[in-house]
Amino acid sequence: MNNDSPSSRLPSFCSENLCGTLDRLGVPRESKWRGLILYMRSIKDYDFLDAEQKELIQKLVVSVLREKDFSETKFSEVVRQNEHILHDPWRRKVAASLKEAAKLVGEMYQIMGRRRGDVEDLEAATVQAVESGKELDEVLSDIRKGFHDMVADMEKDVDILQELSLTDPLTGIGNRRAFDQAAVEAMETAGRLREPLGLLMIDIDHFKQFNDEHGHRIGDQALATVGSLLKGLTEEHEAGQNILPTRYGGEEFAVILSGFSKTQAGDLAEIIRGKIGRYHFVIRDLAGQMITAGIKIEVSIGVAELLQDCGMAADLAHLVEAADRALYQAKNQGRNRVCLYDPSWVMDGGGRKA
């Protein structure tokens, strides 16, 4: 019996209904195009991609099917576009890290330059003290004071470098390194005292589109403004509570909330979302003249609480994952909203980061 029907020749990775749909759309059978399109359609199941990446890839698939150009040239172009979407967030993070490192190196060179001058001044002061004809005890006292002052200045330099290494230069709040360090300390304290510890993961909605429309200078202004608004909340809390905002990376911020229950963290998240949403940006040219006013941004926020949401796996990775899943839910439900993590997502497979 000849079993060479069209359905029997379907690729193993393609169901009959799906391949039938691709047939109607004109995608060539037994071609690399079919494999590429099926892969791009399944991108929604990939946890390592964010919501914006998935949206861009889905739009790329739609454009391919609409244009119906299945040439070799078009295939190479689509592969390049897909790779650019996949790698772009990592390129931005690397660029931001290099920029931060360059600033830190620059500060170190400035400090080293100042200290070199101080050493030369100390040398001159020592020679002058020896040649002054003063009593030996007085000469030694002057030299000792010079070295004491230099050591004090060098200790200040160490503090400055330490602060720089933990500060995001654009927003003025803590960087990812500061977050990792502070979160571990906060978790140890919360675990020891059995106190609540909340975490907010905040992401600016459609930030790439905002950058493309207004330029990176205004994008940096938006990031700095969000950082400033978050920093302004640090004094607005009750006794026994502490708020530490940090820039987690790119357009994503993390806020550590010591002493906050999940409900309290959710209430604060709504305050943050409202403050950012009400802020109006003004674009000025290099001469200071206003070009555009009334520009607004919105954020999505995921909320998690250590003891409620991490169970026995109460470590930093699980707390961040819980808040990240809640952030994805907020974006998946339409963005510009706050979502509290629900432990039942682990059971039903919902709430995965995308």
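General observations
- Residues satisfying the stated conditions in segment 41-60, i.e. modelled with pLDDT under 75 and open to solvent by less than 40 Å² (accessible area, probe 1.4 Å): SER42, ILE43, LEU49, ALA51
- Search result, residues across segment 170-203 that are small (Gly, Ala, Ser) and open to solvent by less than 10 Å² (accessible area, probe 1.4 Å): ALA183, ALA190, GLY198
- Here GLY274 meets the list (1) over 29 Å from ASP324 (Cβ atoms); (2) part of a helix (DSSP H, G or I) almost entirely, failing just condition (1).
- Failed criterion for VAL255 (all others in (1) at pLDDT 95 or above; (2) in contact with a helix residue (DSSP H, G or I) (Cβ under 6 Å, 6 or more places away or on another chain); (3) of a type in the set (A, V, I, L, M, F, W, C) hold): (2)
- The set of residues in segment 260-274 being open to solvent by 70 Å² or more (accessible area, probe 1.4 Å) and either closer than 25 Å to GLY215 by Cα or within 23 Å of the chain's Cα centre (by Cα) (or both) consists of ASP267, GLU270, ILE271.
- Residues that are in a strand (DSSP E or B) and either open to solvent by less than 20 Å² (accessible area, probe 1.4 Å) or of a type in the set (A, V, I, L, M) (or both), drawn from segment 204-255: ILE204, ILE243, LEU244, PRO245, THR246, PHE253, ALA254, VAL255
- Residue list for segment 191-219, restricted to those being of a type outside the set (D, E, K, R) and at pLDDT below 90: GLY191, LEU193, GLN209, PHE210, ASN211, HIS214, GLY215, HIS216, ILE218, GLY219
- Restricting segment 64-108 to residues that are surrounded by fewer than 12 Cβ atoms within 10 Å (Cβ to Cβ) and hydroxyl-bearing (Ser, Thr, Tyr), the residue that is modelled with the lowest pLDDT: SER71
- Residue, farthest from GLN221 (Cα to Cα), within segment 280-319, restricted to residues that are open to solvent by less than 10 Å² (accessible area, probe 1.4 Å), assigned to a strand (DSSP E or B) and not hydroxyl-bearing (Ser, Thr, Tyr): GLU305
The values are calculated or read from the model by the stated rules, or taken from the named source; none is laboratory data. What you see is a predicted model; the values in this text were computed from it and never measured. Because the Cβ atoms are built from the backbone with ideal geometry, glycine has one as well, and the counts that use them run over all protein chains shown. Quick note on the areas: whole protein, heavy atoms, side chains included, nothing else; ligands and nucleic acids left out. Shrake-Rupley method; radii C 1.70, N 1.55, O 1.52, S 1.80 Å.
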